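These notes concern the structure reproduced below.
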Amino acid sequence: MSPGRVFAVPPRPGGRQGDPGPERRPGRHQSDPGPERRLAELGLELPALRPKAGLYEGWVRSGDLLFLAGQGADGWTGRLSLDLTVEQGRAAARDCALNLLAQTRDALGSLDQVARVVKVTGFVACVPGFGEVPAVVDGASALLVELFGDRGRHARTAVGVAALPLGFAVEVEAVVEARPPGGSGPGGRRP
């Protein structure tokens, strides 16, 4: 990362790293409009669920954790630094996050049922030596923080790779913590 770069996700003030502090621990506050409402305020709509590219589920719930399968984004193919710019890569990562949110809504019925985004892993197809992988994956991270506030801050891994399924430029997967069950079953299907 270059010195002096301005990131869309500002550092969290105060507290231990990874601990949102008592005033920011997951949970909805009176003044929190919720991610569903923020999504509408931003004029964003979640896309239809993407067809699976193999033998797997789009999501699996285990206890309060929801594991979301990696999502690419239609229209964003190629490799960063060869076919796409960093800004285009950020837009692709944001679109991947929208696909993850569609899976989340399918699993939980509403994005308001997310207690916290726990972990995000981003894969970026790029040329050897491409050093801006974290900046690309910031496109997904920024959207999650924009929608969920402090509940959207997460641990993250960003990895550069030679190629991704279906030629996607970016693929993002996530783990979210769900509020106590309102009735989701395992294997990507609600009863």
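Some notes on this structure:
- Criterion: β-branched (Val, Ile, Thr) and surrounded by fewer than 18 Cβ atoms within 10 Å (Cβ to Cβ) - qualifying residue of 85, 104: 85
- Top-ranked residue in region 68-90 [being touching an Asp or Glu at 6+ places or on another chain (Cβ under 8 Å) and hydrophobic (A, V, I, L, M, F, W, C); ranked as modelled with the lowest pLDDT]: 73
- Conditions (1) in contact with a Gly (Cβ under 8 Å, 6 or more places away or on another chain); (2) of a type in the set (Gly, Ala, Ser); (3) surrounded by fewer than 16 Cβ atoms within 10 Å (Cβ to Cβ): number failed by residue 97: (3)
- Across region 167-182, the qualifying residues are those that are surrounded by fewer than 19 Cβ atoms within 10 Å (Cβ to Cβ) and not in a strand (DSSP E or B), and the one among them that is modelled with the highest pLDDT is 167.
- The condition of being touching a residue at least 24 places away in the same chain (Cβ under 8 Å), under 23 Å from residue 83 (Cβ atoms) and surrounded by fewer than 16 Cβ atoms within 10 Å (Cβ to Cβ) holds for only one of 125, 163, 142, 155, that being 163.
- Among the candidates 102, 107, residue that is over 17 Å from residue 170 (Cβ atoms), in a helix (DSSP H, G or I) and out of contact with any helix residue (DSSP H, G or I) (no Cβ under 8 Å at 6 or more places or on another chain): 107
- Residues in region 49-70 that are of a type in the set (Gly, Ala, Ser) and assigned to a loop (DSSP other than H, G, I, E, B): 4 in all.
The values are calculated or read from the model by the stated rules, or taken from the named source; none is laboratory data. Just so we're clear, the structure is a prediction, and the values are computed from it rather than from any experiment. Quick reminder, even Gly has a Cβ in these numbers, built from the backbone with ideal geometry, and neighbours come from all protein chains shown.
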